[in-house]
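S.K.: Mind looking over this structure? Questions follow.
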DNA sequence: CGCACATTTCATGACGTGATGAATTCTACG
DNA sequence: CGTAGAATTCATCACGTCATGAAATGTGCG
């Protein structure tokens with residue numbers, strides 16, 4: 001049990017082939033545990049790569065970038081930690097691979113949803129909530145938001161979302177000529193705050209409210225930021 | 001240099017008094033470096049305890065609970081890491097001590113500021129921004145928010161702020177009988193989102209805007225959540 | 001002075017982390 | 001068949017983390 005890094009005595013040559021190792025008592029918990037000896041490649045399509053990505057999304061979503069560990073991801077994927085490095089090189093590599101792919105889906109989703117300028121507010125909030133409620137997109141988003149507070153690349157992604165996606169998609173429909181970037185940032189602040197309190201900090205009344213109720217209450221605020229009025233037909 | 005935990009040979013009795021150690025080449029960077037030999041107490045009021053608390057606030061503010069380390073705090077305070085443990089027992093202990101004290105100031109500040117019900121929106125946003133702009137209160141708040149995404153106690157503090165402080169102080173002035181907790185949570189979501197984008201993620205137009213500009217733009221939204229109308233004199 | 005106590009540092013333990021390199025097994029292509 | 005390469009695991013390394021216990025040095029009280 002005692003790990004002695006500097007032990008020079010009894011250092012068996014690492015090149016010695018070993019075939020005498022018995023099952024290490026927890027090998028049953030690994031993928032393809034039933035058959036297959038130990039170290040080499042498995043037969044057929046093991047799906048390990050995908051399993052790692054799924055596990056990574058979960059871990060990053062629940063613990064954020066700093067809190068997630070390669071060992072934890074490997075454990076959840078029932079795979080050796082070194083395999084994670086083999087496929088994705090580094091921790092940053094797993095993160096990028098796990099997040100980026102789904103971010104494209106999010107972007108496409110937003111692109112395919114037409115936002116009418118006359119009640120953009122409610123539509124934007126509805127779309128935002130749909131993305132968060134759907135686990136496929138929601139968990140990676142959770143990962144980005146959880147990581148954004150201390151991981152620079154995640155912060156950058158969030159910045160790009162606010163400055164790029166919101167400004168382009170939402171405000172592009174109702175251009176105000178001036179102040180567009182500020183309006184986009186204010187919309188972003190309301191949306192990010194909503195996600196923080198509903199999905200991360202879990203403030204009580206908020207995380208129980210049905211999505212449509214939130215749409216009804218927050219929609220006008222987004223509308224106000226975009227057009228300067230509470231609803232389209234007021235005034 | 002090589003650290004050998006299991007080294008049993010050459011283990012000099014730990015009780016042996018040592019007076020032959022020369023200055024370890026970086027001892028100048030410690031507090032009271034000029035005078036004083038090495039290990040014991042320093043003369044006069046060293047202020048180490050306060051230095052540790054200050055350093056802790058900085059570290060937690062910049063890296064969050066998980067990212068901050070006792071060694072990092074000790075380094076910034078120019079103190080041995082063990083001293084941090086001596087004063088505050090554990091990492092959680094430093095965090096609590098560093099944060100709690102200032103949170104009382106925040107609470108008192110909020111209690112002493114009267115919120116008139118007729119333009120509560122702008123007043124609340126102004127007070128919120130004042131707390132964040134002032135480093136004395138702002139940096140601990142940064143620490144709480146940065147930690148809230150992954151540290152349970154910080155999340156709890158944030159929940160209590162939204163469910164307690166906002167509901168009691170802001171909505172207490174303009175009671176709506178029904179839905180108070182939901183209104184408080186919505187106000188909280190806007191404020192938390194604002195802090196996230198302005199002070200943590202640093203979205204461009206937002207963190208340059210003068211506070212009063214933000215008050216003017218976000219105030220009506222808070223007012224809307226509280227009273228259901230954009231301004232007091234509309235309608 | 002002498003003794004209890006607070007403050008300070010050192011040495012070390014026990015453990016977790018990301019990363020690397022070699023060994024082994026399987027697949028695919030010639 | 002033979003062999004290049006992909007997939008998988010093991011054994012470590014080097015380091016950083018929180019935490020503890022003991023030793024050394026100061027202060028203050030009787």
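S.K.: Can you tell me which residue is surrounded by the fewest Cβ atoms within 10 Å (Cβ to Cβ) among those in region B:75-96 that are more than 9 Å from DNA strand D (Cβ to nearest atom) and under 13 Å from residue B:153 (Cα atoms)?
M.R.: B:96
S.K.: Right, next: What is the residue count in region A:198-223 for residues that are under 12 Å from residue B:182 (Cα atoms) and in contact with a helix residue (DSSP H, G or I) (Cβ under 9 Å, 6 or more places away or on another chain)?
M.R.: The qualifying residues number 11.
S.K.: To continue, here is another question. Give the residues of region A:192-216 that are part of a helix (DSSP H, G or I) and either under 18 Å from residue B:197 (Cβ atoms) or within 8 Å of another protein chain (Cβ to nearest Cβ) (or both), sorted by residue number. Even if it seems obvious, please write down each step before you answer.
M.R.: Taking region A:192-216 first, the residues part of a helix (DSSP H, G or I) are A:192-200, A:204-208, A:211-216.
Once the filter is applied, which keeps residues that are part of a helix (DSSP H, G or I) and either under 18 Å from residue B:197 (Cβ atoms) or within 8 Å of another protein chain (Cβ to nearest Cβ) (or both), region A:192-216 yields A:192, A:193, A:194, A:195, A:196, A:197, A:198, A:199, A:200, A:204, A:205, A:206.
S.K.: Moving to a separate point now. Among A:74, A:68, A:82, which is near DNA strand C (Cβ under 9 Å from one of its atoms), modelled with pLDDT of 95 or more, out of contact with any strand residue (DSSP E or B) (no Cβ under 7 Å at 6 or more places or on another chain) and within 14 Å of chain B (Cβ to nearest Cβ)? Walk me through how you get there before you give the answer.
M.R.: Working: A:74 fails: within 14 Å of chain B (Cβ to nearest Cβ); A:82 fails: within 14 Å of chain B (Cβ to nearest Cβ).
Result: A:68 is the single residue among A:74, A:68, A:82 that is near DNA strand C (Cβ under 9 Å from one of its atoms), modelled with pLDDT of 95 or more, out of contact with any strand residue (DSSP E or B) (no Cβ under 7 Å at 6 or more places or on another chain) and within 14 Å of chain B (Cβ to nearest Cβ).
S.K.: Pick out the one residue from B:71, B:78 that is farther than 11 Å from residue B:140 by Cα and not in a helix (DSSP H, G or I). Steps first, answer last, please.
M.R.: Details: B:71 fails: not in a helix (DSSP H, G or I).
None of the others qualify; the one that does is B:78.
S.K.: Are any residues in region B:45-65 surrounded by fewer than 15 Cβ atoms within 10 Å (Cβ to Cβ) and more than 9 Å from DNA strand C (Cβ to nearest atom), and if so, which ones?
M.R.: Scanning region B:45-65 gives a single hit, B:50.
S.K.: Exactly one condition in (1) within 14 Å of chain A (Cβ to nearest Cβ); (2) modelled with pLDDT under 85; (3) within 9 Å of DNA strand D (Cβ to nearest atom) is false for residue B:15; which is it?
M.R.: Going through (1) within 14 Å of chain A (Cβ to nearest Cβ); (2) modelled with pLDDT under 85; (3) within 9 Å of DNA strand D (Cβ to nearest atom) one by one, residue B:15 breaks only (1).
S.K.: Let me ask another. Out of curiosity, is residue B:166 at pLDDT below 95, more than 7 Å from chain A (Cβ to nearest Cβ) and in contact with a helix residue (DSSP H, G or I) (Cβ under 6 Å, 6 or more places away or on another chain)? Please lay out each step first, then the result.
M.R.: Working: at pLDDT below 95: yes; more than 7 Å from chain A (Cβ to nearest Cβ): yes; in contact with a helix residue (DSSP H, G or I) (Cβ under 6 Å, 6 or more places away or on another chain): yes.
Considered against the rule, which asks whether it is at pLDDT below 95, more than 7 Å from chain A (Cβ to nearest Cβ) and in contact with a helix residue (DSSP H, G or I) (Cβ under 6 Å, 6 or more places away or on another chain), residue B:166 comes out as yes.
S.K.: Can you give me the number of residues within region B:97-107 that are within 15 Å of DNA strand D (Cβ to nearest atom) and exposed (fewer than 15 other Cβ atoms within 10 Å of the Cβ)? Before you say what the answer is, go through the steps one by one.
M.R.: Just the residues of region B:97-107 that are within 15 Å of DNA strand D (Cβ to nearest atom), to begin with: B:97-98.
In the following step, the residues that additionally are exposed (fewer than 15 other Cβ atoms within 10 Å of the Cβ) were identified as none.
Looking only at that region, the number is 0.
S.K.: Specify which of the listed residues (B:234, B:189, B:174) is facing chain A (nearest Cβ under 10 Å) and either farther than 25 Å from residue A:63 by Cα or at pLDDT below 95 (or both).
M.R.: Result of the check over B:234, B:189, B:174: B:234.
The values are calculated or read from the model by the stated rules, or taken from the named source; none is laboratory data. Fair warning: this is a prediction, and the values are worked out from it, not measured in the lab. We place every Cβ from the backbone using ideal geometry, glycine too, and count neighbours over all the protein chains shown.
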